[in-house]
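Input: a single structure, listed below in structure tokens.
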Amino acid sequence: MRILSLDTGSSSLKFTLYDVQGTACAPVFSDELVDLDSSWNAQTVIEKVWSACGLAAAAADAAGHRIVFGGPEHRGPMRATPGLLDEIERYVPIEPLHLRSALDVIYEVARRIRDLPQVLCFDTAFHRSMPPIAKRFPLPGDIDPIVQRYGFHGLSYEYVVAHVREASIGRVVIAHLGNGASLAALANGMPIDTTMGFSPLGGLMMGTRPGDLDPGVLLYLLRSGYDAASLTELLNRRCGLAGVSGSTSSMQALLAAAATDARAAQAVDLFVYQLTKHIGGMIAALGGLDTLIFTGGIGEHAQPIRSRVEQALAYARCRTMVVRTDENLMIARHTAAMLASTGASR
């Protein structure tokens, strides 16, 4: 069986074609399309995927997709149906940065191969078993119940837990640090809390997103002339490392420039400060810490960031690990398992 995993971002698409034999998923071809902001078009993007994979993509037996937001009900992968896709369409205003692109990719794949099974793998599903107190915002009861804390990067956390079996024992904080960044606290393998809440804008400072903000900041900006569209642009693309540095969201570039560029140094310092503070919150939720795991682009490759965080957390007396995450592999595993359980095939 061949499964095409598609991880659609706001301006990128990571894709891997797998040969699946039983529980083993062997990559046949893998690549990433980046910097698609001004040229995002599902038909063009999927044409590039097909071209990159050669004829193999058209011969895939199924496609699996990362869906960033799955709402309050979905606790696991689901086969794409018109009804389910209509439901996800209703969530686009909540998470427009990723969902619109992901849905358009699903429709384009279906247009090219009409009977191809497609499976949706929700990033929010991993956190659905968090304690109710961790999902609640301090809002009145007449607010739409869809407004709650969900958590994101679930496929990455799920992969890390499966890869590092020790993560299922004791108190663990996983730091997924990339252009998007979040933390997850786990006790004996079960999610206890996470830093992202209702959307991927919350929690830690990120590459172009601010993380948590005083709501008064948003009210002030609205009174100052911003509207929903301009706030969406500001919060998704002009904040975080890029906003503070005034130059780039690349941690590698900022670390290289920090010695001579005060704004680059400030961006790095603020990232480390916020990261350490949020890890402290996860430790409090867990009542202690046994293992801290770094993953994601920054977590895996920015050793100076890890060192500074480890120094700041010396009091915790925990072990630290670095794990290379693989969300596409997680998507392929879920897709294969669903096809096997339902007997679905093309």
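Remarks
- In the stretch 317-340 there is at least one residue matching the filter, namely being in contact (Cβ under 8 Å) with a residue 60 or more places away in the chain, closer than 27 Å to Thr8 by Cα and hydroxyl-bearing (Ser, Thr, Tyr).
- Counted residues, the stretch 129-166 - those being part of a loop (DSSP other than H, G, I, E, B) and more than 27 Å from Ile331 (Cα to Cα): 10
- Check on Ile113, within 25 Å of Ala26 (Cα to Cα) and assigned by TED's automatic domain parsing to the domain that holds Cys25: yes
- Assessment of the stretch 127-134 against the conditions (without any contact (Cβ under 8 Å) to a residue 24 or more places away in the chain and out of contact with any Cys (no Cβ under 8 Å at 6 or more places or on another chain)) yields at least one matching residue.
- Residues satisfying the stated conditions in the stretch 71-107, i.e. part of a loop (DSSP other than H, G, I, E, B), within 24 Å of Leu36 (Cα to Cα) and touching a Ser or Thr at 6+ places or on another chain (Cβ under 8 Å): Ile94, Glu95
- Listed conditions (1) outside the structural domain of Arg333 (by TED's automatic domain parsing); (2) farther than 24 Å from Ala184 by Cβ; (3) among the hydroxyl-bearing types (Ser, Thr, Tyr) are all met by Tyr150, apart from (2).
- Positions within the stretch 3-26 being assigned to a strand (DSSP E or B) and free of Cβ contacts under 8 Å to residues at least 60 places away in the same chain, in sequence order: Leu17, Asp19, Gln21, Ala24, Ala26
- Test: residue in the stretch 179-195 that is of a type in the set (S, T, N, Q), crowded, with 22+ Cβ neighbours inside 10 Å, not in a strand (DSSP E or B) and not assigned by TED's automatic domain parsing to the domain that holds Gly207: no
- Residue check, Ser168 free of Cβ contacts under 8 Å to residues at least 24 places away in the same chain, in contact with a helix residue (DSSP H, G or I) (Cβ under 7 Å, 6 or more places away or on another chain) and surrounded by 22 or more Cβ atoms within 10 Å (Cβ to Cβ): no
- Residues of the stretch 186-214 classified as closer than 20 Å to Ala267 by Cα and either of a type in the set (Ser, Thr, Tyr) or in contact (Cβ under 8 Å) with a residue 60 or more places away in the chain (or both), total: 7
- Helices (runs of 4 or more DSSP H) fully within the stretch 247-346 counting 1 or more residues that are farther than 30 Å from Arg2 by Cα and assigned by TED's automatic domain parsing to the domain that holds Met190: 251-257, 262-286, 296-301, 303-312
- Restricting the stretch 253-273 to residues that are farther than 18 Å from Leu204 by Cα and not small (Gly, Ala, Ser), the residue that is farthest from the chain's Cα centre (by Cα) is Thr260.
The values are calculated or read from the model by the stated rules, or taken from the named source; none is laboratory data. Every value quoted in this text rests on a predicted model; they were computed, and no experiment measured them. All Cβ positions, glycine included, derive from the backbone under ideal geometry; neighbour counts span all protein chains shown.
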